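In what follows, a structure is listed as structure tokens, so that the remarks can point back to it.
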Amino acid sequence: MANLSIPSIRERIFNTSKHEQTTQRSSNPFAASSFKGNVLTADVFESSTKQSHPAFTGKLKASALVGSISGIGERFQNFINSVVKFGIRAKESVVNGWNKLEGIEISFNPLREKMSSAYNSVKEIMSTPISEIFSKGISSKQVAKMEDMTEARALLADNVALWEAAA
Amino acid sequence: MTDKKIIKNVTNIIEGLGQNPNSESVTILEDIGTNSKVDAIRELTSRALVKRNEHDSLKVVITNKGKGINDMSTIVAMSTINELLSLEDKTEAMKVLTDTVEKHSDEEVRDNARSVKALMALS
């Protein structure tokens, strides 16, 4: 409480240096010029650091803290659920992919067989002399189906003659 | 050295005639194949006639002197006998052999037929 007696007022008016020494300890820049440091001796400006670190006092703040914790848990639960869903989707994708692969493999079987037969044909041709490729010779099936027996007789006679001539 | 292509052609023609349903094919094989001077051709012809497993074709290799089981070449004769022994249905062959043993005029042919018949009975 400020002393408002006449001698004290007089002393403040005529002895300002004493008062200034007092006001210089305050962090209020307006204390000396405006209010002379008589009324506002305390630091009325709040520090900016105080707002960033609120103290958890009171039921409202405690309930806010609990709510924030429960919110974190919900978000964490959602995160886990999303991970689980992602895993399920990944598993389904893998299963579907495997089924597709099996389908592809089945559908490619005929192609593989054709490629195999083509390879065998090429291999057979490569191992056959050129002269035999262009003249396949006489097959037994061809002779077995012959109806003109005169032709068949001539065919056998000619080839037997060739063999006997070479022997 | 005989060309492989000629050997293959003769082999295929003889095999084809042996499978040809026309009975004329037996006559062709008898006239050309069994009278060849080449042992291998006679052997191929005899085996084809036995595989045909018909009365006429079996008669050619069993009852004719110098052909089939009566061939001068041991290889041709033994090969023909082996083919007879390999037949699944030996009924017609046994019938021809029995007739040959009983009715053929040549003794050597009868003796050969008797021996082959004994072998076939045991097989």
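For segment B:66-111, which residues satisfy the criterion of being surrounded by 15 or more Cβ atoms within 10 Å (Cβ to Cβ), part of a loop (DSSP other than H, G, I, E, B) and of a type in the set (A, V, I, L, M)?
Passing the criteria: only B:Leu87.
Within segment B:50-58, identify whether any single residue is within 15 Å of A:Val143 (Cβ to Cβ) and at the interface with chain A (Cβ under 10 Å from one of its Cβ atoms), and answer yes or no.
No, there is no match, as no residue in segment B:50-58 is within 15 Å of A:Val143 (Cβ to Cβ) and at the interface with chain A (Cβ under 10 Å from one of its Cβ atoms).
With respect to B:Ser23, determine if the residue is within 27 Å of A:Ala161 (Cα to Cα), buried (at least 18 other Cβ atoms within 10 Å of the Cβ) and of a type outside the set (Asp, Glu).
In short, no.
Of everything in segment A:144-167, what is small (Gly, Ala, Ser) and more than 7 Å from chain B (Cβ to nearest Cβ)? Give them in sequence order.
Passing the criteria: A:Ala154, A:Ala161, A:Ala165.
We did not get these values from a lab; they are worked out from the coordinates using the rules stated. Since we're looking at a predicted model, the values are computed, not measured. Methodologically, a virtual Cβ is constructed for each residue, glycine included, from the backbone with ideal geometry; neighbour enumeration extends over all protein chains shown.
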